[in-house]
Amino acid sequence: EIYTLSLHDALPIYSNLTANLGLAWFGNTTPNPSGSDKDLFHSFNFNTGKVIFSTLNQSNPEVYPMTMTNWAPRVGISYQPPFLKNTDIRAGWGLYYTTQQAVNLQYAVVSQYITINNAVSNTQPNPTYVLGQNALPSVTVGQITQAQANSITGPIQYLASTYRSPYISQWNFDIQHTFAEKYLIDVAYIGNSSNRLALNWNPFDCSAPGSNLCMDSNNPYNGTYTYMQEVDTIGFGNYNALLIKFQRQFSNGLSLLANYNWSKALSASQEGSNGTLNQRRSCLPYCDYGPTTFYVPQALVVSAVWDLPFGGGRHFGAHMNPVLDAIVGGWDVDAIVTMQKGNPFNITAPNNTAWSPGVIRANTYCNGRAELSNKDIRTNGHYWLKPQTAGQTEAQGNCYVDPSLDPVNRTGPNNTLPAGARAAFGTTSFDSAFGPGLNNWDTGIHKDFPIYREMNFTLRGEFFNTWNHAQFANPASGVAANNFGQVTGTQHDAREIQIGGTFSF
C-alpha cells in the first residue's frame with residue numbers, strides 16, 4: 001500500500017510575485033504475508049553463505065522495513081518584473097518519492113527449492129476429473145526444513161534488506177516572453193537528481209579492485225551457486241536540459257511551434273529497456289555510470305499549420321471561378337518535423353563469467369565511427385562503425401577488442417589468460433557510442449467542401465514519413481558478431497499514406 005499526505009498553499013507576496021509552498025509525506029508499506037505465503041520470502045546470510053527463510057524464523061517476511069522519513073518539500077515562485085513588459089519568470093524545486101515494487105518485489109519471493117507440480121490424467125470413457133468440479137485437485141505444500149535450505153545450490157536471487165524508497169529531486173528555471181501580440185519565446189533549464197534507484201548486481205562475482213581479470217578465486221561461493229543476484233537501491237542518476245520554445249499563434253492562416261532540447265541524461269541504475277547493466281561488482285556502481293539508453297543529446301521538433309493563400313476568401317484568387325476553386329482553392333497543409341541525435345549503446349564482448357546476466361564491455365582503442373572510410377550508411381553496406389577483422393585484436397586494426405582476447409590481459413603461458421582467470425572485463429565506459437539520429441517528416445493536407453447549409457464534407461490526406469526516409473536503428477554492437485557495426489533494422493516505419501473523408505451535418 002502507498003500513502004501520501006500533502007499540504008499546499010499559494011502565497012501572493014506582492015502583486016507581481018507569488019510563491020507556492022508544499023509539504024508531502026510518502027509512505028510505502030512493505031508486504032506482510034501471513035500463513036503459507038510467508039514461507040516463500042527469503043534472503044541470504046553472508047556470514048554462513050546460506051539461503052535463509054522467514055518460515056525458519058531467520059528473516060522477516062517483510063524483507064525490508066518501511067521508511068518513515070520520506071518527507072517531500074516543494075516550493076515554486078512566479079514573478080513578473082515591472083521593468084520587463086510581458087515577461088514571466090518561474091522557478092521551482094521539489095522532492096518526490098516513488099516505488100519500483102512491481103519490477104523488483106519478485107526477487108523477494110524467488111525460491112529455488114519449493115516447487116509445485118499439479119498434473120492430472122483422465123480415464124476413458126468416464127473421466128475421473130471433471131471441468132468445474134475437480135479438474136485441478138488441491139495440492140499440499142510442505143514446509144521447507146533447515147536441511148533443505150542448507151542444500152540449496154544453483155542461482156540465488158533476492159531483495160536486499162537495505163532496500164528503500166527511491167526519490168527524485170527536481171528543479172527548473174523558466175523565462176517566458178511574449179511580443180508583437182502573437183509571438184512567444186520560452187527559455188527554460190530543468191534538471192533532476194535521482195537517488196536510491198534499483199540496481200541488479202552480483203555481490204560475489206569474480207572481480208577484484210584494481211584488476212580487469214575475472215578470477216574464480218574472488219568468488220567464495222564459486223561451484224556452489226551458479227550466480228547470485230541482489231536487488232538493492234544503490235543506483236543513482238541525473239538529467240539536465242536546456243529547453244527553448246518559439247510559438248506563433250494562428251493568424252493570417254499560419255501557426256508555428258518549434259521546440260529545441262539540448263540535454264544530458266546519466267545514470268548508474270537498472271533500466272527496464274536494458275536489463276542488468278553492470279559488469280564488475282568491485283567497481284559498482286561508478287564504473288557503470290554513463291548515458292541512459294533513452295538519452296537524446298539534441299532534438300528539434302517543428303510543427304506548422306498553413307492555410308494556403310489560394311481560393312475564395314483568401315489572399316490570391318478571392319474571386320476565382322467556382323469550378324477552379326473547388327480544385328485548387330481552400331486547401332490547408334500541416335507538418336511535424338522531427339530531427340534528433342542518436343541514442344547511445346554499449347560495445348559488448350562475450351560474457352564468459354559465471355554470472356550470465358552481466359554485460360561485459362569491450363576494450364576501445366579508436367573511434368569506430370571516425371575510422372569508417374565511407375560514412376554514408378546507404379552506400380557502404382549499412383555500416384555505422386568500422387567492421388571487425390579476423391583475430392579481433394588491436395594488431396589486426398580493430399577499434400574494439402574482446403578483453404579476454406586482448407594481449408594486454410593474456411599474460412599467461414602461450415599468450416593465454418593468467419592461471420585461475422576465467423575471463424576479463426572491458427575498459428570501455430558504459431553506453432560510449434551513439435547511433436544514427438532521426439530526420440522525419442509527417443505531413444497532411446485537407447480541404448472543406450460545403451454541400452448545403454450546415455452540411456460539409458472534409459477530404460484529408462496524411463503522409464507519415466513523407467519522404468520515405470530510412471530512419472536507421474543502432475548497429476550490431478557485439479565485437480564477436482559477424483555483422484558488428486552493421487545496421488540491421490530501422491527505428492521508424494516506412495512511408496504510410498492514409499486518405500479519409502468526414503461528412504458533418
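Here are the numbers for this structure:
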read-out: Area accessible to solvent at residue 493, 1.4 Å probe radius, in Å²; value: 100
read-out: For the chain, the longest site-free run once GluC sites (Glu not before Pro) in DSSP loop states with at most 15 other Cβ atoms within 10 Å are removed; value: 182-370
read-out: Kirkwood hydrodynamic radius (C-alpha pairs) into Stokes-Einstein, region 200-240, 37 °C and 0.692 mPa s, D in µm²/s; value: 273
read-out: With DNA, RNA and ligands ignored, accessible area of residue 373 (1.4 Å probe; Å², nearest 10); value: 120
read-out: Taking N as its residue count, the alpha carbon Rg of region 287-347 over 2.2 N^0.38 Å; value: 2.15
read-out: Cα centroid separation, region 482-503 to region 433-450 (Å); value: 12
read-out: Charged-residue dipole, Cβ positions (Lys, Arg, Asp, Glu), region 278-437 about Cα centre, Debye nearest 20; value: 660
read-out: Cα centroid of region 275-309 to Cα centroid of region 180-250, whole Å; value: 11
read-out: Carbon/sulfur fraction of accessible area - region 344-485, other protein chains in place, 1.4 Å, %; value: 54
read-out: Overall form of region 370-505 per C-alpha gyration tensor (a/c, 1.5; a/b vs b/c); value: prolate
read-out: Kirkwood Rh in Å, taken over all unlike Cα pairs in the chain; value: 28.7
read-out: Region 366-448 - convex hull of the alpha-carbon atoms, volume per residue in Å³; value: 148
read-out: Selection from 261, 500, 133 lying farthest towards where the dipole of the chain points positive, charges on Cβ; value: 261
read-out: Which of 485, 367, 434, positive extreme of dipole for the chain (C-beta unit charges); value: 367
read-out: Long-range HN-HN contacts of residue 229 with modeled amide H, under 5 Å; value: 156, 157, 158
read-out: Solvent-accessible area per residue, Å², over region 212-369 with all protein chains present [probe radius 1.4 Å]; value: 46
read-out: Length released on extending from residue 481 to residue 335, taking residue separation times 0.36 nm less the Cα-Cα span; value: 48.5 nm
read-out: Integer Hz, Karplus 6.51/-1.76/1.60 couplings in order for region 493-502, x for Gly and Pro; value: 5, 5, 4, 10, 10, 9, 10, x, x, 10
read-out: Qualifying lysines (Cα of each under 22 Å from Cα of residue 264; at least 8 residues distant if same chain); value: 245, 341
read-out: Solvent exposure ordering (accessible area, 1.4 Å, most first) of 85, 375; value: 85, 375
read-out: Approximate spin-label separation residue 226-residue 375, in nm, with each point projected 7 Å along Cα-to-Cβ; value: 4.5
read-out: Alpha-carbon Debye profile of region 279-434, log10 I(q)/I(0) at 0.14, 0.15, 0.16 Å⁻¹; value: -0.84, -0.92, -1.00
read-out: Backbone HN-Hα couplings from phi across region 301-310 [Karplus 6.51/-1.76/1.60, Hz, Gly and Pro as x]; value: 10, 10, 10, 8, 10, 9, 7, 4, x, 10
read-out: Under Karplus coefficients 6.51, -1.76 and 1.60, residue-wise ³J(HN,Hα) of region 254-266 in Hz, glycine/proline x; value: 9, 9, 8, 9, 10, 10, 10, 10, 10, 9, 8, 10, 10
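The values are calculated or read from the model by the stated rules, or taken from the named source; none is laboratory data. Every value quoted in this text rests on a predicted model; they were computed, and no experiment measured them. Methodologically, a virtual Cβ is constructed for each residue, glycine included, from the backbone with ideal geometry; neighbour enumeration extends over all protein chains shown. Only protein heavy atoms, including side chains, enter the accessible area calculation; ligands, DNA and RNA are left aside. Shrake-Rupley method; radii C 1.70, N 1.55, O 1.52, S 1.80 Å.
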